[in-house]
Every structure is written in structure tokens, then in C-alpha cells.
Amino acid sequence: MLYIALLHYPVLNKEGKTVVTAIANMDLHDIARTAKTFGVEKFYVINPVEAQRRLAGQIIGHWREGYGALYNPFRKDAFEIAEIRSSLEEVLEEITAAHGFRPQVITTGAGLQVHSLTCAGLKELLKRNHLPYLLIFGTGSGIAQEVVNQADYRLEPIRGENGYNHLPVRAAVAVILDRVTEIT
């Protein structure tokens, strides 16, 4: 079972300082639709700032129950798996409560120099095991080292042409989910 999280804290800024990033409307829409397409159990948006969570809640609510739900039922379906939480710990507790044990945590990042898991390896784990896995995507300039250090795995970064690797997070989510899931 695959869960994904879009982490807004703790993440890094361009100077390498730990910061909170703002929730982007496009990320919510595109990642929810991508996650639904690839069979993700839940898409968590993690941000400790109440005003940011409220904003995300209004956007998601519009597409779940508001006029948007009638206007675009496909988007309503996608947003049914989206959840907003204030911390990574809260997400881990929720998944643990649902399954009776902690999920295997996997971090992603363009700048990861050392990785412990390939996309093919994760695809195999997902196929063989019926364990919960939480795949974390970072915003800003990447996931803070404290989260990376606590993860069970570090997923290999996406390699671009001539070493270039600066995808928007919603594109990285799509590429990685395409590589690690089995759509039949």
C-alpha cells in the first residue's frame, strides 16, 4: 500500500536553512490527480501553518463538496484521497493506527547523493509486500536532513539530461509514481 506526502516543513530553502514553504494550488490539483491515477491510498499535504492548512482545506472542499464537485466529478474523485495534516508525525500516527504498525518511510530528492533504493526496487517491494509505505516528496529546495536521516529508505533521484535535475515537485511525483507502480 502506497501513501504519499507533500512535505512543507521541515524543508530547506536555497541557502540550506530549514523553513516552512507555502502550499501551491497547482500542486494540490496535479498531485491529487496523479496520485489517484496511480492508485495511491492517500495523498497527504503536510504544513504546520494553520492559515495554509485552511487555504488548502478551502481548495479541497470546493472540489469535494462545493460547486467544483458538480462541475468536475473527476477532480472530486482525485481530491477524495487528499488529506491535510500539520506534521509528519501526525501522518505516521494515522497510517500506523490504520495498519497496526508503522509504515516504511521513503524520502525523495534531486540532491540525494546516497540512496538505498531504486525505483525498480521500490516497485518490487510494493508488489511483494502488503505493507504500508509512505513516500515523501519535499517542497522548497528539498527535505530537511533530519527527515532524511529518520527514513527507512532514500529513493534514487530522477536523472536528467547532462546531469540537469530541477523538476517541479508535481512532475517528480508523476515520474516516480509511473516508475514504481503497476497499472494493469
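Summarising the strand pairing of the chain, around 10 percent of its internal DSSP beta bridges are antiparallel. Segment Leu131..Gln145, full-extension length gain: 2.5 nm, with 0.36 nm per residue of separation and the alpha-carbon distance subtracted. For mean projected area of the Cα convex hull in nm², the value calculated from this model appears in (i) 14.7; (ii) 15.7; (iii) 10.8 under label (iii). Residue by residue, the stretch 137-142 carries 3J(HN,Hα) couplings of 10, x, 9, x, 9, x Hz when phi is fed to the Karplus relation 6.51 cos²θ - 1.76 cosθ + 1.60 (θ = phi - 60°); x denotes Gly or Pro. Seen from Tyr133, the other residues with C-beta closer than 10 Å to its C-beta sum to a net charge of -2, counting Lys and Arg as +1 and Asp and Glu as -1. Near Ile31, once Lys and Arg are set to +1 and Asp and Glu to -1 for all other residues with Cβ below 13 Å from its Cβ, the sum equals +2. Membrane-span-like helices in the chain (whole DSSP H runs, Cα extent of at least 15 Å along the helix axis, mean Kyte-Doolittle hydropathy of at least 0.5): 169-180. If only the Cβ of Lys and Arg carry +1 and only the Cβ of Asp and Glu carry -1, the dipole of the stretch 1-102 around its Cα centre is close to 220 debye.
Using the Cβ-Cβ distance between Glu89 and Ala171 with R0 set to 22 Å, the FRET efficiency works out to roughly 0.20. Going from the residue with the fewest nearby Cβ atoms within 10 Å to the one with the most, Tyr3, Tyr9, Tyr67 rank Tyr67, Tyr9, Tyr3.
Coordinate-derived values only; no laboratory data. Being a predicted model, the structure only gives us computed values, none of them experimental. Please note: Cβ atoms are built from the backbone with ideal geometry, for glycine as well, and neighbour counts cover all protein chains shown.
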